[in-house]
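Please read the structure below before turning to the comments.
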Amino acid sequence: MNAMSSQKGNTYLIVDLEATCTDAGEFPRHEMEIIEIGAVAVEGKALAQVGEFEAFVRPVRNPLLTEFCTRLTSITQAEVEAADPFPVVNDRFRAWVGGFASPVFCSWGNYDRNQFLQDCAHHRVPYPFPTDYHINIKARFAKRQGIGKSVGMKKALQLAGLPLEGTHHRGIDDARNMVRLMPYIFGQARLGRQKS
Ligand code: AMP
Ligand code: MG
């Protein structure tokens with residue numbers, strides 16, 4: 001499934017990245033690298049799903065995943081070793097993004113945008129989105145629902161009374177769960193009265 005939808009306005013690309021990480025200072029934050037790109041495209045008033053992208057990425061700066069990282073994300077060393085490096089996957093992702101007439105990069109917080117900028121700079125490859133425009137749907141969710149402080153995706157699902165589906169901290173599953181929150185961000189859905 002892909003684009004063909006120029007007349008309908010924006011296509012929201014809900015993107016969630018997983019990256020190399022450590023809880024013990026093995027390497028600095030600025031050396032984190034994308035290991036999974038998960039993305040779902042939705043559009044129209046109905047926020048209908050019109051596409052999905054999912055790929056693992058082989059890290060090159062710190063190629064061995066930490067135990068912590070595999071525990072957090074469930075992504076294994078074998079999975080990333082079998083994957084293409086960032087420039088190759090980024091080209092495929094950029095082609096997927098380019099299939100939409102007006103793609104809008106959305107992610108839960110600003111982390112995913114910053115991580116893309118970091119990996120693109122390191123590998124000297126083009127940023128995959130046609131403009132710098134980015135929507136922080138974490139902030140939008142909090143504002144739209146009037147909950148004051150922004151919350152994590154897991155908490156947002158809880159507030160909406162939605163079970164977390166799939167595996168938390170897997171890019172594609174996180175992105176699919178964010179899509180289930182889209183009616184609360186761009187649509188008319190309102191949270192119930194439950195607090196905290
Ligand atoms: P998420 O989208 O919440 O699954 O997180 C994206 C990436 O951020 C993960 O793949 C990790 O690289 C990093 N990350 C998330 N949570 C933590 C954490 N508690 N400690 C260290 N890194 C984390
Ligand atoms: Mg994630």
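The table below gives the values:
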item: Restricting the range 35-93 to trypsin sites (Lys or Arg not before Pro) in coil, as DSSP defines it, with at most 16 other Cβ within 10 Å; result: Lys45, Arg61
item: Fewest-first ranking of Cys69, Cys120, using other Cβ atoms within 10 Å as the exposure measure; result: Cys120, Cys69
item: Cα-based shape type of the range 98-139, given that a ≥ b ≥ c are square roots of the gyration tensor eigenvalues and the cut on a/c is 1.5; result: oblate
item: Rounded to 5, the percent of DSSP beta bridges in the chain classed as antiparallel; result: 70 percent
item: The range 114-196: chymotrypsin sites (Phe, Trp or Tyr not before Pro) falling in loop per DSSP and having at most 16 other Cβ within 10 Å; result: Tyr133
item: Tensor-based shape of the range 7-107 (alpha-carbon gyration tensor, a/c under 1.5 rounded, otherwise prolate or oblate); result: prolate
item: Ranking of His122, His30 by count of other Cβ atoms within 10 Å, fewest first; result: His30, His122
item: Label-to-label distance, nm, for residues given as Leu162 and Ala189 (7 Å Cα→Cβ offset); result: 0.4 nm
item: Highest-first arrangement of 143-151, 97-105, where packing means the average Cβ count within 10 Å; result: 97-105, 143-151
item: Qualifying GluC sites (Glu not before Pro) for the range 1-109 [loop in DSSP, other Cβ within 10 Å: at most 14]; result: Glu26
item: Share of Cα-Cα pairs in the range 8-52 lying beyond 14 Å, as whole percent; result: 59 percent
item: Charge context of Asp23, other residues only, Cβ under 14 angstrom, K/R +1, D/E -1; result: 0
item: Difference of contour (0.36 nm per residue) and Cα-Cα distance, Tyr111 to Val125; result: 3.2 nm
item: Cut-off under 5 Å, modelled amide H: who pairs with Ile35 long-range; result: Glu18, Ala19, Thr20
item: Residue order, fewest to most beta carbons within 10 Å, for Asp132, Asp84, Asp119; result: Asp132, Asp84, Asp119
item: Global size of the range 62-196 as Cα Rg and Dmax, reported in angstrom; result: 16.7, 48
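A short reminder: the numbers here are calculations on the coordinates, not readings from a lab. All figures in this text were calculated on a predicted structure; none of them were measured in a lab. Neighbour counts run over all protein chains shown; Cβ positions are idealised from the backbone, glycine included.
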